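K.L.:
Next up is a structure, given as structure tokens.
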Amino acid sequence: MLPLGLAVVVAVMPFRDLSGAKSTVGEAIRETVTTDLKDVVRVVERGDIDRVIREQDLQAARADLDPGATIRVGRLLGATLMVTGAFQRAGTRVRLTARFVSVETGEIVGTAKVDGPAVELLSLQDHVTAELIKSAGLKTRAPPKRARLKTLHAVELYGDAVVEADDGKKRELLKQAIAADPDFVYASRDLDALEQRMLRYAAAAEREQGKQTQDAVRGFRAQVEHESDPAKLDAEFEKMFEQLWKARRYSRLLGEATSLAAQPRLPAPLREKARVAIIACHAELFHWDAVLAEGEKFMAASPSSEHFDLVRGRVDQAIEHKREQENGARALVEMIKREYSDRDRANPCRMAIMYNHYSQWKEARGYYEACLTSGKDELSPGLVMHDLAWVTYYLGDFRATAGWLGRIHKEHPQSLRDLREVEAHLPVDD
């Protein structure tokens, strides 16, 4: 038992794999136990524990520290209790063992051991945690009801994610863990927290990019006003183009390029680059008719340009988009005529799905909006908003897309995971 009045601070060490396998399941168990203990006591963050382990040159034995080293780490962390443990897998079954060690006395003040099917790992872990807390004289509460694991591979992937330092790789590992077992709540929780953190990083980077783009535009305008050296003008244009493009400020870049292309006093190669930039920006903004019109003019006027193939690629992209729309419209008419009853046609949710499938974005948008307010239960609100984010993106209504993304963040964050492509490419100044 702990001395009365002692403020409890717990540090959870990596769980040792007694099976001899070189896996990160022990890290996954450590992380989930840490999460569960946070509801009861103050817990030292894993990063702080690992930092002290590195500083004490104990990294090689981090999952199997001797009692003296464990106590030393605990004192450096300001912990009162250390959790040490192990797991062993044998076929389809696992055994978990754990103990609480008092940092002050080195005494073992709580122990737990449990065996069971591997698919019930989370429930077994809850039992271990509850026994530890109880034997240490701390207040416990009933553990939550856990779903059986679909596969232990989800836990392995989660363990890989826990120790991964690169946020991008960590996110992919968490996604894989969720794909392996959608009910593995620890991976879902960590992915949501990671993506929220990455969004904050992106917002800070966007603010910094905004300052840099302003500087780049001002610098280029000053060069256009006073510089006559074509090479210097070209270099400044490239700098401005790269900055605005990287920041996804396509509308701003379109305006600057349009202004340049209309100034006959500027060098012809620079005006040509500006015309190419105009076409590229129209493509990124999904202005397909403008891509076709500007692209055709460019190819007719500059057949020998070094940028000809780039422009032709953009024109081909616009033609493919228009063809997809036209073919989809014809196929949709036949589909509805052949398979949809009057009742189906009166259901905005069903019509939204069909129009979306055939790339009829404008009509799909209207039906999705009607579905959202109709009270129909065929599609969840999160799914409707998810599809509206994609549809408005394809329509080039990026403000509407940003609005739907904002609502999804607040109301249905679980629907965001396959919208990261939209967020990553969404223009920021349209």
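K.L.:
Could you please find all residues in segment 124-155 being among the small types (Gly, Ala, Ser) and not in a helix (DSSP H, G or I)?
P.N.:
Across segment 124-155, the qualifying residues are ALA136, GLY137, ALA142, ALA147.
K.L.:
Quick check on LYS175: is it more than 16 Å from THR34 (Cα to Cα), surrounded by fewer than 21 Cβ atoms within 10 Å (Cβ to Cβ) and not assigned by TED's automatic domain parsing to the domain that holds ARG30?
P.N.:
In short, yes.
K.L.:
Criterion first (basic (Lys, Arg) and touching a Cys at 6+ places or on another chain (Cβ under 9 Å)) does LYS410 satisfy it?
P.N.:
When the stated conditions are applied, LYS410 does not pass them.
K.L.:
How many residues does segment 376-412 hold that are touching a Gly at 6+ places or on another chain (Cβ under 9 Å) and surrounded by fewer than 17 Cβ atoms within 10 Å (Cβ to Cβ)?
P.N.:
Residues that pass the stated criteria total 2.
K.L.:
Please work out which one of (1) over 27 Å from ASP48 (Cβ atoms); (2) assigned to a helix (DSSP H, G or I) is the condition TYR186 fails and give its number.
P.N.:
Going through (1) over 27 Å from ASP48 (Cβ atoms); (2) assigned to a helix (DSSP H, G or I) one by one, TYR186 breaks only (1).
K.L.:
When the residues of segment 104-144 are filtered to those that are touching a residue at least 12 places away in the same chain (Cβ under 8 Å) and either among the polar types (S, T, N, Q) or outside the structural domain of LEU77 (by TED's automatic domain parsing) (or both), which remaining residue is nearest to PRO67 (Cα to Cα)?
P.N.:
Checking each candidate, the answer is THR111.
K.L.:
Restricting to segment 332-359, what's the tally of residues that are within 15 Å of VAL391 (Cα to Cα) and either modelled with pLDDT under 90 or among the polar types (S, T, N, Q) (or both)?
P.N.:
Final tally of qualifying residues: 2.
K.L.:
I've got another one for you. LEU244 is checked against (1) part of a helix (DSSP H, G or I); (2) among the aliphatic types (A, V, I, L, M); (3) more than 26 Å from GLU320 (Cα to Cα); (4) more than 28 Å from the chain's Cα centre (by Cα) and fails just one. What number does that condition carry?
P.N.:
Of everything listed in (1) part of a helix (DSSP H, G or I); (2) among the aliphatic types (A, V, I, L, M); (3) more than 26 Å from GLU320 (Cα to Cα); (4) more than 28 Å from the chain's Cα centre (by Cα), LEU244 misses just condition (4).
K.L.:
Another question about this same structure. Would you say PRO143 is more than 23 Å from VAL43 (Cα to Cα) and not hydrophobic (A, V, I, L, M, F, W, C)?
P.N.:
No: the conditions fail for PRO143.
K.L.:
Could you tell me whether segment 372-395 includes any residue that is assigned to a helix (DSSP H, G or I) and touching a Pro at 6+ places or on another chain (Cβ under 8 Å)?
P.N.:
The answer is yes, given that some residue of segment 372-395 is assigned to a helix (DSSP H, G or I) and touching a Pro at 6+ places or on another chain (Cβ under 8 Å).
The values are calculated or read from the model by the stated rules, or taken from the named source; none is laboratory data. This one's a predicted model, so the numbers in the text were calculated from it and none came from an experiment. When we count neighbours, we look across all protein chains shown, and the Cβ atoms used for this are built from the backbone with ideal geometry, even at glycine.
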